[in-house]
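The values are calculated or read from the model by the stated rules, or taken from the named source; none is laboratory data. These numbers come from a predicted model, not from an experiment. Glycine gets a Cβ as well: all are built from the backbone with ideal geometry, and neighbour counts include every protein chain shown.
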Amino acid sequence: MEPNDRLSLDAWANPSSSCNGLPRKMSLENPSFTNFNLQQQEQKWDDTSILNYGIRIEPPFLEFNQASESEYLLSSTCNNQPKVLDQEDGLNNEALQTSKSLDWDPRTMLNNLSFLEQKIHHLQDLVHLIVGRKGQALGGHDQLVTQQQQLITADLTSIIVQLISTAGSLLPSVKHKLSTGPPNGQLGEFLFPPLAGMNCVPQPQHGSGSKAVQPLQHGSGSKAVQPQCVTGSKVSDQCNQMDVTGSFGTEQNLSIEEHEMKEEEDADEGENLPPGSYDILQLEKEEILAPHTHFCTICGKGFKRDANLRMHMRGHGDEYKTPAALAKPNKESSLEPVIIKRYSCPFAGCKRNKDHKKFQPLKTILCVKNHYKRTHCDKSYICSRCNTKKFSVMADLKTHEKHCGKDKWLCSCGTTFSRKDKLFGHIALFQGHTPAIPLEETKGPSLSCDKMDGNEASNKSGNINFSFGSNAGGGAQNIIEVKEDADDPASYFSPLSFDTCNFGGFHEFPRPTFDDSESSFSFLEAP
Amino acid sequence: MKRQKTLETSANNDNLFDLLSEEIVFTILDFIDTNPLDRKSFSLVCKSFYITESKHRKNLTPLRQEHLPRILNRYPHVNHLDLSLCPRINDNSLNVISNTCKDSLNSIDLSKSRFFSYNGLMSLALNCKNLVSIDLSNATELRDSAAAAVAEAKNLERLWLGRCKLITDMGIGCIAVGCKKLRLISLKWCISVSDLGVGLIAVKCKEIRSLDLSYLPITNKCLPSILKLQHLEDIVLEGCFGIDDDSLAALKHGCQSMKALDISSCQHISHVGLSSLISGAGSLQQLTLAYACPVTLALANSLNRLSMLQSVKLDGCAVTSAGLTAIGNWCISLSELSLSKCLGVTDEGLSSLVTKNKDLKKLDITCCRKITGVSIAYITNSCTNLTSLRMESCTLVPSEAFVLIGQRCQFLEELDLTDNEIDDEGLKSISRCSNLSSLKLGICLNISDEGLSHVGMKCTKLTELDLYRSAGISDMGIIAISRGCPGLEMINMSYCVDITDRSLLSLSKCSRLNTFESRGCPHITSLGLAAIAVGCRQLIKLDIKKCHNIGDAAMLPLAHFSQNLRQITVSYSSVTDLGLLALASISCLQSMTVLHLKGLTPSGLAAAVLACGGLTKVKLHLYFKSLLPQPLFEHLEARGCVFEWRDKEFQVCP
């Protein structure tokens, strides 16, 4: 795409002047490498789409998100794509840089280093300034001091990360030459450069002392314990993410969860594996209730899905960007005879428990988690709108809240329906049931219908975005199929659409499935 | 009435009536149902008669809701309550009805009433368990809650909801579930009802015989379930624009019970869809295709084998001669055919059609302007059993042709010759139709008293005569009619300018007269009208617009004698405050048109409309709106009266 085109696109995606301000500010905060102009434009593009998300987000969810720590973490893990793009922009730029010039360029390295040097100088000045001020005002400015500390920590972190990535770029750059990608550089190449032998490794000391579930899942028994070497990284993650991408992540997360909740019961419906043809794995209660099952070996950050972890790992260096590192761990072993794994619920007497007479196994870890929470845990999440419905899985609550109050088609039996035809189907089916008419009849149902449609439309576009992002986390195989199709208007919606590239895989997802919440989203499942 | 009196006098001393069983008296009473005043006289004879009459009465048509508690107490056995003359029926009244009538009530007509809500309907449905028929047409303010109340009437069999625009699928759904015994439901103009509601009716109410879905936004979706109804006989789909050929294809699976189908104004139905009728609805007797697809050869052929078909209505369709010929070649002989306002009806098509359909009883060729005497010759030649012929505005038919009608179609009961070339010869011939009860001769400029005298002499059963603007008619003709046709109920002689009081004096002998229209007859005076008032006690509708010589002198006897008068037009007459105030004492009076009365003052008008408690509609000149206080109008509107304002200039009559 020509730069001019890109500019006009930016204008399109960024109609309000208030939106324009933020990206520029951000790019100033994190000054990039020498090819700064290009990066800025890119960043602008990405940020605007993220901002759009922020505008669309509903306030109750935001509040909730902030209230719940675990939820926040989850949301931040889900949006690994944007995180790569804006919070660790140094890395990202680096990645782009390397992919733009497939060969390792010493000049780039020099640029990077000189930039780092510059940055260190800046930091030095800042610290000098603080030292000077401390002399003037003794104490009393605790808040200011902490702010300054945070600022310095953030800068330091950024420097460290960039240093590591610069160093890391040395090794894979050799591999790049060997793998001989097309010279113009497809996105898959520069976004996910080959990563040698990267394996997701749990980190026992992090979180609530949970044993990692991952080994069970992947069948590789390795339990490598790695100390947290880059402690600053996580901090930077959080402070950057909180304001901008945090909100975006919520929405994305929301839609993921919504579809997840349907999976559990449906997943193994119709599956008729003869007993003994599969391995039964049973997790402990603590493992099931642990918020994260995948942990970054470098920074210790926890993730719910290994794919998200893999996405996250890309930020730690080029060695994690190889297709091999990004591929599903299962796939590698696909040559060997695969033993089907099914899961058992640790709750004795449950139908999903392996000792039950009519044992029905659970298909995935996610199924286990949702099943356990729904069946054997307290329903602690209460809908704030109706104050009656309770849920044990947060996603269930969110799904309910989305529709709470919208089910205005009421049957005399108390069942509510969101659609009139469903209500009438129900009434036609049962004897004695009759439509229930509210005492005070509200006028103009058609008006609210229109509104609802509007919401659906916006949800849909949200879902499209999400579908891409989550798929990237889940499989990454679709992302790698990338082609240049700048004219496709669909790319305008995606927060991940880079100015030069559009994701071809996008079109492979049938849109109607997003409208129908009941359809299964098996491709979202953790492997 | 006289008979009763003689009986009564003979039984004066011995009280012979005591010997008669109640059943016998009831049977006698059954015969005096024609005139409400007769029954009134009967009940006023003595206490026992009063009680007998109270027990006998089954139907009640009250005029005011205020009297409901008393009349319902008087008539405990009423089972049909017609409230269409009560403009104002509130929940209170419905409560009174439901608590008084209880299980004896089985039919109620609320089609013209307003001011009631679901509360009243609920009490009606809960207390009157035997209610089988409710007419709620025109209840435009009722919502789903009212429909839910109706749904409590579990034994309901007939329900009319025409123009209940606010009732939606939800309300209809309640009715469908609640009233399982429904046999007839009319949802005409219930524009908020869609496929879902109608579909549920079809699923839940298996007894449905008659279904009126006119002008509903329904589509193909609900039709299959409707056509599965085992007993469906009559379905009206007029103006259902969402219905097309594919919908009728569902008929192929069969709906053998169907006898009548109306798909008028369904623009998306063609002969393709209709062809599925042959296989599906073989017992169809009546088909209405008014203002629908063109009647071509293909259409006629597609309906070829409907062996039970008796009546076809093609009003307003474009018609081809080939199509009409093909209809004539159908294997059956129709008894009723309507081609009114059809474009393209020619002598050729019509003659070949009627030659084959010798059993035709009713024929409507209104506004078939291309046909000539040839068609009439064919019609009269083959369809000698015609009882009804409507041929308004067949302007090319020459006067000779009407002689043929009289000669050959002697069973005619209804004849509409409005705006035709008929002359006295034709009328003389037509007078042979001794069964004639309705004759319309409006705008027949060639007829005179002579022809009409023949009709008066021979058509003794005449009840309806229209002479609107037939200017050749004068007193002689009218006198002949009034002498020869004692059963005359309706006469219109508007703009027959030669009419004088003599006509009215003779017409006053027609005691059954209920509609009298004499607009623009300048020679008639208060005297004549007073005679009518005295003689025609059953007068319901009176139009004396532009009769300048009629004044208050006529209004006083009218107010005194015509206690049944409901509708009066006195515009441009000489009636003043006095006359109007006198009229206000007629308790039945509902509609009044009072424009351009010179002697009318605002206060006189106000007094009249206030005094006339039963008014539902008043047409007034806009001039009065500013002269009378607004609260007056508000008060009257709350009583159920609607004001219509006209702002027409005063027209000076020639």
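Descriptive notes on the structure:
- Residue identified as more than 21 Å from B:L309 (Cα to Cα), out of contact with any strand residue (DSSP E or B) (no Cβ under 9 Å at 6 or more places or on another chain) and surrounded by 19 or more Cβ atoms within 10 Å (Cβ to Cβ) among B:I269, B:I218, B:I208, B:I226: B:I218
- Test result for B:S194, modelled with pLDDT of 95 or more and surrounded by 20 or more Cβ atoms within 10 Å (Cβ to Cβ): no
- Inspection of the range A:447-454 identifies at least one residue that is within 26 Å of the chain's Cα centre (by Cα), more than 30 Å from A:E286 (Cα to Cα) and either away from chain B (no Cβ under 14 Å) or modelled with pLDDT of 85 or more (or both).
- Tabulated pairs, the range B:449-462, first more than 15 Å from B:S437 (Cα to Cα), second surrounded by 24 or more Cβ atoms within 10 Å (Cβ to Cβ), C-beta under 7 angstrom, 6+ apart or interchain: B:D449/B:I473; B:D449/B:G477; B:G451/B:L427; B:S453/B:G477
- Hey, B:S186 touching a Phe, Trp or Tyr at 6+ places or on another chain (Cβ under 9 Å) and either among the basic types (K, R) or more than 10 Å from chain A (Cβ to nearest Cβ) (or both) or not: yes
- Residue that is out of contact with any helix residue (DSSP H, G or I) (no Cβ under 6 Å at 6 or more places or on another chain) and at pLDDT 90 or above, where the choices are A:G425, A:G414: A:G425
- Test result for B:R502, touching a strand residue (DSSP E or B) at 6+ places or on another chain (Cβ under 8 Å) and surrounded by fewer than 23 Cβ atoms within 10 Å (Cβ to Cβ): no
- Scanning the range A:401-436 for residues that are within 7 Å of chain B (Cβ to nearest Cβ) and either exposed (fewer than 15 other Cβ atoms within 10 Å of the Cβ) or in contact (Cβ under 8 Å) with a residue 24 or more places away in the chain (or both) yields a single hit, A:P435.
- All told, B:A260 meets the bar of being surrounded by fewer than 21 Cβ atoms within 10 Å (Cβ to Cβ), under 19 Å from B:L339 (Cβ atoms), small (G, A, S) and out of contact with any helix residue (DSSP H, G or I) (no Cβ under 7 Å at 6 or more places or on another chain).
- Just one of (1) part of a loop (DSSP other than H, G, I, E, B); (2) more than 23 Å from the chain's Cα centre (by Cα); (3) surrounded by fewer than 22 Cβ atoms within 10 Å (Cβ to Cβ); (4) more than 14 Å from chain A (Cβ to nearest Cβ) fails for B:L156. It is (3).
- Filter result (buried (at least 22 other Cβ atoms within 10 Å of the Cβ) and under 22 Å from B:H523 (Cα atoms)) within the range B:584-594: B:V594
- Flag for B:S279 being in contact with a Lys or Arg (Cβ under 8 Å, 6 or more places away or on another chain) and of a type outside the set (D, E, K, R): yes
- Test: residue in the range B:213-234 that is under 19 Å from B:I108 (Cβ atoms), in contact with an Asp or Glu (Cβ under 8 Å, 6 or more places away or on another chain) and touching a residue at least 24 places away in the same chain (Cβ under 8 Å): no
- The residues listed here are B:T593, B:T576; of these, the one that is closer than 17 Å to B:F516 by Cα and either touching a helix residue (DSSP H, G or I) at 6+ places or on another chain (Cβ under 6 Å) or not aliphatic (A, V, I, L, M) (or both) is B:T593.
- Taking residues in the range B:513-535 that are among the β-branched types (V, I, T), and partners anywhere that are in a strand (DSSP E or B), the pairs with Cβ atoms closer than 7 Å and at least 6 places apart or on different chains are B:T515/B:M490; B:T515/B:K541; B:I532/B:F516.
- Counting only residues that are crowded, with 22+ Cβ neighbours inside 10 Å, more than 10 Å from chain A (Cβ to nearest Cβ) and assigned to a loop (DSSP other than H, G, I, E, B), the range B:159-168 holds 3 of them.
- Total residues in the range B:75-108, condition among the basic types (K, R) and surrounded by 16 or more Cβ atoms within 10 Å (Cβ to Cβ): 1
- So B:N420, is it over 21 Å from B:L504 (Cα atoms) and buried (at least 21 other Cβ atoms within 10 Å of the Cβ): yes
- Filtering the range B:134-153 to residues that are at the interface with chain A (Cβ under 9 Å from one of its Cβ atoms) and more than 12 Å from B:V193 (Cβ to Cβ) leaves B:R143, B:S145, B:A148, B:A151.
- Meets criteria (under 31 Å from the mean Cα position of the chain (by Cα), among the hydrophobic types (A, V, I, L, M, F, W, C) and not in a loop (DSSP other than H, G, I, E, B)) for B:V312: yes
- Looking across B:S470, B:S474, B:S511, B:S448, one residue alone is more than 30 Å from B:G551 (Cβ to Cβ), modelled with pLDDT under 95 and not hydrophobic (A, V, I, L, M, F, W, C). It is B:S448.
- Residues that are more than 28 Å from the chain's Cα centre (by Cα), part of a loop (DSSP other than H, G, I, E, B) and of a type in the set (V, I, T) within the range B:393-435 comprise just one, B:V397.
- Subset of the range B:202-227 that is of a type in the set (D, E, K, R) and assigned to a loop (DSSP other than H, G, I, E, B) - its residue that is nearest to the other protein chains (Cβ to nearest Cβ): B:K221
- Some residue of the range B:338-361 being part of a helix (DSSP H, G or I), surrounded by fewer than 21 Cβ atoms within 10 Å (Cβ to Cβ) and modelled with pLDDT under 90: yes
- Exactly one residue out of B:G178, B:G171, B:G199 is at pLDDT below 95, more than 16 Å from B:S225 (Cβ to Cβ), within 9 Å of chain A (Cβ to nearest Cβ) and crowded, with 24+ Cβ neighbours inside 10 Å: that is B:G171.
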